[in-house]
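Presented below is the structure to which this report refers.
The values are calculated or read from the model by the stated rules, or taken from the named source; none is laboratory data. Bear in mind that the values here come from a model prediction, so they are computed numbers and not experimental data. A quick note on method: Cβ atoms are made from the backbone with ideal geometry, for glycine too, and the neighbour counts reach across all protein chains shown. To get the accessible areas, we keep the full protein, side chains included, count just its heavy atoms, and leave off ligands, DNA and RNA. Shrake-Rupley method; radii C 1.70, N 1.55, O 1.52, S 1.80 Å.
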Amino acid sequence: MTENCIEKNKRLNTGNKIASFRVKQSMPYEFKVNYARIRAWEFYNECGKRDLDCYVSVGGLDSITLFFFLKSIGIDVPAVSVSSLEDVSIQKIHKQIGVISLPPAVRTDGTRWNKQKLIQEFGFPVLSKEIARKIELLQNPTPNNKTIRHAIVTGETGEYGGFQKHSKMKLAQKWLEKFGGLENEEEGVNYQIASFKVSSKCCYYLKEKPCSDWAKEHNCVPYLGLMASEGGRREKSLMLNGCNYFGKGTIRSAPFAIFNRQDLLQLALDLKVPVPEIYGSILKDEDGHLYTSGEQRTGCSMCGFGIQLEKRPHRFDRLRERNYKEWDFWMNRCCFDENGTPYGWGKVLDYLGIGWRDIPEAEFAPEQMTLKINDGGRQ
């Protein structure tokens, strides 16, 4: 078979998988719940054959609902979380339902990482994980990453990427304008240099590594509360790999992969899932659509992934409403520059042209709080 035929068949197979997945996404609620039950049990039984145990990675409402769903169908596995990252009301529910709380990863000096240390050392988690990774490479040039930096600036991949000229490696022009300045001389451009660092490492040290280490120690693999409908970098992966994935380096189950937000909230109601206070209550609008009267999504209070996509009042505005002291800390004094002057998210938002200093006049209405998340960092 020629190389062109192989590539054509590959694209056809990918298209068929995505089409099949979208059909399942369009099915009624009852179908999806039953489908999730079947996939969850398939994963559990296959893990048993491989001498693996399972656990639920728990954070916000989606994964709390998954924990209750698994119990409702007879799959009784432990729930694990770095609960200290979550809102206090979520931590309360975690304690109530018996979640195993893990500490963040250990630093080389023997202390634990925390949000402030990570931002100070590596930079702010802003825009999206994928964008932040690219900016981080641009801000930390070395001879070893020269080729990939060139691809990020120009889209030209060179030999390692098949000599593509317009690859997806290229960072969006508006972000190159803001963060590509260290490449000015090398690439003959005239971009700005931000006075703060950007990084995607927070999730790894605060959440992913602790859970991964615990899982290895206990020979466990996770159930995750991911939904392709949330978009972001995981959407295509879920569509291509399905609910259950057994790869060389990754084994995981996402029983809710074909769910949308309405399905998730309806299941939470059906299972009488305790809703953390930060979400408010699950209500129905005039058109019959379910929503949470408080936050629609939650995550670390210092996370900025997707902030550029939110209308005001955005997540930091709402943090000010809930906890002014915490808001003031993250906005104004969570970091120190080389002169010892404190600064925080406010400096980052100012640079990106995102308002935060004033108090928005708009009501905190549910439709204004719906977030288009650009990454899987928030739950």
One residue is enough: does segment 49-59 have a residue meeting the conditions open to solvent by 10 Å² or more (accessible area, probe 1.4 Å) and part of a helix (DSSP H, G or I)? yes
Run down Glu208, Glu156 and say which single residue is part of a loop (DSSP other than H, G, I, E, B), open to solvent by 40 Å² or more (accessible area, probe 1.4 Å), of a type in the set (Asp, Glu) and at pLDDT below 95. Glu156
Give me the residue from segment 86-95 that is in a helix (DSSP H, G or I), touching a Pro at 6+ places or on another chain (Cβ under 8 Å) and of a type outside the set (Lys, Arg) and, out of that set, modelled with the highest pLDDT. Ile93
Name the single residue that is farthest from Val23 (Cα to Cα) among those in segment 217-241 being modelled with pLDDT of 95 or more and not in a loop (DSSP other than H, G, I, E, B). Glu217
Sole miss for Gly60 among (1) modelled with pLDDT under 95; (2) out of contact with any strand residue (DSSP E or B) (no Cβ under 7 Å at 6 or more places or on another chain); (3) under 30 Å from Pro342 (Cα atoms) is condition (3)
Checking Leu118 against (1) closer than 28 Å to Asn332 by Cα; (2) more than 18 Å from the chain's Cα centre (by Cα); (3) buried (at least 23 other Cβ atoms within 10 Å of the Cβ), which single condition isn't satisfied? (2)
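Can you go through Arg333, Arg312, Arg297, Arg322 and tell me which one is open to solvent by 60 Å² or more (accessible area, probe 1.4 Å) and at pLDDT below 90?
Arg322
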Cβ-Cβ under 6 Å pairs, at least 6 apart or on other chains, segment 258-280 side more than 24 Å from Lys236 (Cβ to Cβ), far side assigned to a loop (DSSP other than H, G, I, E, B) and at pLDDT below 95: Ile278/Asp87; Ile278/Gly294; Ile278/Glu295; Ile278/Thr298; Tyr279/Gly294; Tyr279/Glu295; Gly280/Ser293; Gly280/Gly294
So, Leu137, is that one of a type in the set (A, V, I, L, M, F, W, C), out of contact with any Ser or Thr (no Cβ under 9 Å at 6 or more places or on another chain), open to solvent by less than 60 Å² (accessible area, probe 1.4 Å) and more than 27 Å from Glu295 (Cβ to Cβ) or not? yes
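For segment 39-70, give me each residue that is among the β-branched types (Val, Ile, Thr) and more than 24 Å from Asp263 (Cβ to Cβ).
None - no residue of segment 39-70 is among the β-branched types (Val, Ile, Thr) and more than 24 Å from Asp263 (Cβ to Cβ), so the list stays empty.
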So Gly188 fits all but one of (1) touching a residue at least 12 places away in the same chain (Cβ under 8 Å); (2) small (Gly, Ala, Ser); (3) more than 30 Å from Phe336 (Cα to Cα); what number is the exception? (1)
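Being in a helix (DSSP H, G or I), crowded, with 17+ Cβ neighbours inside 10 Å and out of contact with any Asp or Glu (no Cβ under 7 Å at 6 or more places or on another chain) narrows it down to one of Val33, Val23, Val77, so name that one.
Of the residues listed, the single one that is in a helix (DSSP H, G or I), crowded, with 17+ Cβ neighbours inside 10 Å and out of contact with any Asp or Glu (no Cβ under 7 Å at 6 or more places or on another chain) is Val33.
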Complete set of residues in segment 300-331 that are of a type outside the set (D, E, K, R), in a helix (DSSP H, G or I) and in contact (Cβ under 8 Å) with a residue 40 or more places away in the chain: Ile307, Gln308, Leu309, Phe316
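Yes/no per residue for (1) open to solvent by 30 Å² or more (accessible area, probe 1.4 Å); (2) acidic (Asp, Glu); (3) modelled with pLDDT of 95 or more; (4) over 23 Å from Leu226 (Cβ atoms):
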site: Gly288; (1), (2), (3), (4): yes, no, no, yes
site: Val348; (1), (2), (3), (4): no, no, yes, yes
site: Tyr351; (1), (2), (3), (4): yes, no, yes, yes
site: Glu361; (1), (2), (3), (4): yes, yes, no, yes
Is it the case that segment 227-236 has a residue that's open to solvent by 40 Å² or more (accessible area, probe 1.4 Å) and touching a strand residue (DSSP E or B) at 6+ places or on another chain (Cβ under 8 Å)? no
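Okay, residues lined up against (1) under 21 Å from the mean Cα position of the chain (by Cα); (2) among the hydrophobic types (A, V, I, L, M, F, W, C):
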residue	(1), (2)
Ile258	yes, yes
Arg261	yes, no
Leu269	no, yes
Asp287	no, no
